[in-house]
1. Does B:GLY250 satisfy being under 21 Å from B:PRO177 (Cα atoms) and modelled with pLDDT of 95 or more?
2. Please determine whether any residue of the stretch B:362-370 is under 26 Å from B:GLU446 (Cα atoms) and in contact with a helix residue (DSSP H, G or I) (Cβ under 8 Å, 6 or more places away or on another chain).
3. Just to verify a result, which residue in the stretch A:280-312, among those that are within 14 Å of another protein chain (Cβ to nearest Cβ) and of a type in the set (D, E, K, R), is surrounded by the most Cβ atoms within 10 Å (Cβ to Cβ)?
4. For the stretch B:70-116, name all the residues that are basic (Lys, Arg) and exposed (fewer than 14 other Cβ atoms within 10 Å of the Cβ).
5. Can you tell me which residue is surrounded by the most Cβ atoms within 10 Å (Cβ to Cβ) among those in the stretch A:22-40 that are β-branched (Val, Ile, Thr) and closer than 14 Å to A:ALA88 by Cα?
6. Considering only residues that are among the small types (Gly, Ala, Ser), assigned to a loop (DSSP other than H, G, I, E, B) and under 27 Å from B:VAL286 (Cα atoms), which ones fall in the stretch B:82-141?
7. Criterion first (within 20 Å of the chain's Cα centre (by Cα), crowded, with 18+ Cβ neighbours inside 10 Å, of a type in the set (Val, Ile, Thr) and within 14 Å of chain B (Cβ to nearest Cβ)) does A:VAL43 satisfy it?
8. Please go through the stretch B:343-369 and give me each residue that is assigned to a loop (DSSP other than H, G, I, E, B) and more than 8 Å from chain A (Cβ to nearest Cβ), ordered by number.
Amino acid sequence: MRFSTASSPHWFVGPSVSQLMRQVLYAMLPGLATLVWFFGWGVLLHVAIASGAALASEAVVLALRGKPLRLFLGDGSALVTAWLLAAALPAFSPWWITTLGVAFAIVIAKHLYGGLGYNPFNPAMVGYVVLLISFPLEMTTWPPVNPGVDFASSVQIIFSGHPAEHLADALSGATPLDAVKTQLGLGLGITEIINGPAFGLIGGQGWEWAAMAFLAGGLWLVMKRVAAWQIPAGMLGSLALLSGIFYALDPQAHASPWFHLLSFSSIYGAFFIATDPVTASTTPRGRLLFGAGVGALTYLIRCFGGYPDGVAFAVLLMNIAAPTIDYYTQPRVFGARRD
Amino acid sequence: MAFIPSPGPSWRFHGGLRLASHAAESIGQAVRPAALPARLIAPLQQHIGSPAKPVAQVGESVRKGQLLAQSDGYISAAVHAPSSGVIVAIEDRPIAHPSGLSAPCLILDTDGRDDWADALPPWPDYLSVAPVELRQRVRQAGIVGLGGAAFPTAVKLNPGANTQPRWLILNGAECEPYITCDDRLMRERAADLINGARIMSYILGVEEVLIGVEDNKPQAIEALQAALRGIDTRNPAIDLRPVPTIYPAGGEKQLIKVLTGLEVPTHGLPNEIGVVCQNVGTAVSVHDAVVHGRPLISRYVTVTGRGVAHPSVLDARIGTLVGELVQQCGGYTRQAERLIIGGPMMGFAIPDDQVPIVKGCNCILVAGADELAPSQPAMPCIRCGACADVCPADLLPQQLYWHARAKDLDKTQEYHLFDCIECGCCSAVCPSHIPLVQYYRFAKTEIAARERERQQSDVARRRHEFRLERLEREKQEKETKLRKRREALQNKEPPAAPKDSTQDAVAAAIARAKAKKAGQASTPPPTESQPVAKPDADTESAIISTDQDR
C-alpha cells in the first residue's frame, strides 16, 4: 500500500484567507446598516457599485497577469477593499467616483505592486486619497442626517450625476470634522460649534451612531483576532493623548478628546483601515507604534493641515514606515538575553 | 549563573496552540504486547550520533537481549536482539524516512522461543553501585531518549565535571495530539517510572526531580501520585506538576520554562541552566536496565487514526514492521490516507509501511483524509502575523519565510532560524496555507550544505597553498643543488693549479657570487634614470656604494 507524503505539520487549524476576509465583511455590516439608516440608500448603492467595479477590475488584471481567477477572486480581498472605500464615500456622490476610486485601488495600488499581500499601501486609502485630491467638491458634499431621499431618487441622483433640483439643497452638508474646521476658521468657539444643528450628543448627528456600530464590529474583529488589538489601541491612544493636551491648553480652540475619538473616521480608521495586515506593522510592539503614528498624524493633519480629516493620509504615511518599524521592534527570541 | 527564581507551576511560554487531543481513540484499553513477528529488522542507526558497529555475524544464532551492534564513539547507542533467532543478513533495508531511504540493518529471523541471553547482573539496590557504573549500564543497554529525538541517554546523564545540574525533569507532557503511549506508560508503570527517575537523579547527583504532565491526563497524574505516596520523596525531592495543555508544552525548552521559569539560552543546552530533561519512557527503560539488567528491545507505540480499525497502544519489539503493527490493530480502514510516524504536528509521512519501528518511534498515525489539512494551494502571505502570535520560540516566522524564500540565508540566521524547533504551529495557523516549516527546513539544510562547502573549499585552498609552497621549496632546493654542482665543477676546472691559487679562486668566486647576490638584493629595479646596461663587478660595487651614500 502506498501512502501520500507531505511535510509536517499535517494539521491545519484556524481560518483561511477567504474566511478572514469574510469576517471583515461581516464586521462591517452593522456599521453599513447604520450609515444607510442615517444617510439613505446611497450608501448601499455605493457598496454595490464598488463591489461590481472591484470584482471586474480584479478579474481583468488577474487574467492579464495569468493568475488563477477562481482562487484569487474567491479570496474576498477585492470585496473588502471595495466595501472599505465605499463606506468612506459621500452617500450621493456620482457612480463614476466610486468606480474610479475602486479601479484605481485594485489595479494601481494593489496589482501593480504584485497583488494580494504585496502592496505596500492600503489600496482603499490610495483610492480614497486619489478621489479626494482629484474631485474635492464631490468628495466633500455630504448629505445631512435623514436626507429623506427614496430609493428611486437615490438611484437617479447617483447615476445621473446631478441631483434633481428640489433635492439639491438637502444634499449639501459637511462632515462634523469639516464643520469644526471651517467654523473655527470663522472665529467661532468650540462650544458654539458643537451646539450647532449638525451635532448630536458628542460628535456629528448620525455619525456618532455609525461610529458606535463600527466600533462594535471592530471589537468583534479584535476578539476574533482578525484585527490586531495593538493598532486601534495605539491609534486611539495617541489621538486621545494629543487632543487631550491641546484641549487642556485651550478648550475653545480645540475640539475635545472624545469628539476626536468618537468621530466616525477615527473609529473606522482605527479598527478597519489601519488594521489591514498587509500594509501595517507586524510585530507586537511595532503595531502599537504604527497605530500611535497613525493617531498622531491624524490629529496633526486634522488640526494643522489643509484637510478637515487626516486618517487616510496618516495611514498611507505610516505604511511607508511599517517595514522600518518592523525591523527595529523584533521581539526577544526565546532564550535570548534580556537587555 | 544568573539569578534563579524558585520553581513554581505558573510559568508560561509564548504562543502555542490548544489542539484537540484525539487521545480517546487509542487510550481506552491496557497496553497489549504485540505479536512476535517472524522477522525483525533493526537499523544500526536508531539514534542521534554515529551508527552502531555490528558485532554479530551473519548466520549467528542470537538470544533475546544479546548485543548485536555496539556503540561506535561517544555519541552512539548499542543495538540488541529484540528476540532470539538467527541473523540472516546485515544489509541496507528501507527505513522509516520520508524519502523511502535505505540504511544498514540487522535482519533477524526469530525462532519463536524468545529466550533471554545471559542477562546483565540485576542491581535492585542501585545505591550500592557507583554512579559511573550505572551510567555505563545505561550505555550498555542502548537506551536513547524515547520521546522521539532518540539522543543517547548516557551522554545526557554525563553533564561534565564542571556542571552540577540542579533539576532532573521528566517529560510526561506528551503534547502532540493522538499520541498516548506515554499516558499509558505513566498509568501502567508509574512505580518503575519513579524508580527510574530516582536512579537517574542518583547518577546525576541532583536533589530535585520535577515531573511535568499535561493536565489533560488526570489518570496518569493519579497513578503517579499513588506511586509517590508509597516512597520517600525528600531525597531526591520528587515533585509532580500538572502543566497546562498547550502545544508544544512537551517541547524540551518549553517544558523547562513552564516548570522552572528558566529559558534555555539560544544555541544552548539545558545543562547550561542546570537542567537535565528526560522522557518518562526513558526513565522506565533505565529502571529495566538497572534493576532487571534488561537492554532496550521494545517500546510502547500508539497505533491510531481514522485509517486504523482498532486504535490501541502496543508493546512492540524494536524492528517490527509498521504494517504488521497496523495489522494487529485490525488493519487499515478505507479512510487510510497518510501514514505518519509521530504526531500530526511534527511527525513525518512515509510512503510505505514495510519499514521497521525504531527506538524513537512513539506513534503510528494512519490519518484519514478528513483528519488532515486540506490540500489547498498556498496563497500569498498577507502578513497577518498569526504565525508570530503562536510561535513558542518568539520568532517572526513570516520574516523568516520571506528570507528563506529569497534564499537570503544570512538574513534567515539574523532572524534566528536555528531557534526554530519546527513545532509546526505557524504552518498550522497560516491562513494562506504556506508550508512555512518546510521553508525553514530547506533553509537549514541549505545553510548546512553551504557550511560544508565552505569547509571543503577551505581545505582545498589550504591544500593548494601548501602545494604552491612545496613547489617553490622544491624549485629552490633544485637551484641550490645545481649551483653547488656548478661550483664544484668550477673548482675542478683549473686542473694543474697550485692549491693556494685554487683556494684563492674559490674565495674570489664566493666573493663575486656574494657581491652579485647582495647587488641583486639591494639594487632597486632599474628605472629610466638608472643605467640599464648590465654593469660589471666594479660599477656594480659603485652602484652599491652610491646606494649606500644615498
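1. Values: under 21 Å from B:PRO177 (Cα atoms): yes; modelled with pLDDT of 95 or more: no.
Spelling it out, it is not the case that B:GLY250 is under 21 Å from B:PRO177 (Cα atoms) and modelled with pLDDT of 95 or more.
2. First, the residues of the stretch B:362-370 that are under 26 Å from B:GLU446 (Cα atoms): none.
No, every residue in the stretch B:362-370 fails to be under 26 Å from B:GLU446 (Cα atoms) and in contact with a helix residue (DSSP H, G or I) (Cβ under 8 Å, 6 or more places away or on another chain).
3. Looking at the filtered set, the residue picked out is A:ARG287.
4. We begin by selecting, within the stretch B:70-116, every residue basic (Lys, Arg); these are B:93, B:113.
Result: B:ARG113, single match.
5. Let us first name the residues in the stretch A:22-40 that are β-branched (Val, Ile, Thr), namely A:24, A:34, A:36.
From the residues that got through so far, the ones that are closer than 14 Å to A:ALA88 by Cα too are A:34, A:36.
Working: A:THR34: 23, A:VAL36: 17.
It comes out as A:THR34.
6. Kept after step one, since they are among the small types (Gly, Ala, Ser), are these residues of the stretch B:82-141: B:83-85, B:89, B:96, B:99-100, B:102-103, B:112, B:117, B:119, B:128, B:130, B:141.
Next cut, assigned to a loop (DSSP other than H, G, I, E, B) only: B:83-84, B:96, B:99-100, B:112, B:117, B:119, B:130, B:141.
Those that are among the small types (Gly, Ala, Ser), assigned to a loop (DSSP other than H, G, I, E, B) and under 27 Å from B:VAL286 (Cα atoms): B:SER83, B:SER84, B:ALA96, B:GLY112, B:ALA117, B:ALA119, B:ALA130, B:ALA141.
7. Details: within 20 Å of the chain's Cα centre (by Cα): yes; crowded, with 18+ Cβ neighbours inside 10 Å: yes; of a type in the set (Val, Ile, Thr): yes; within 14 Å of chain B (Cβ to nearest Cβ): no.
No; evaluated as a whole, the condition is false for this residue.
8. Matches in the stretch B:343-369: B:GLY343, B:GLN354, B:VAL355, B:ILE357, B:VAL358, B:LYS359, B:GLY360, B:CYS361, B:ASN362.
The values are calculated or read from the model by the stated rules, or taken from the named source; none is laboratory data. As the structure is a computational prediction, the values presented were derived from the model and not from experiment. Note that we place each Cβ from the backbone using ideal geometry, even for glycine, and neighbour counts take in every protein chain shown.
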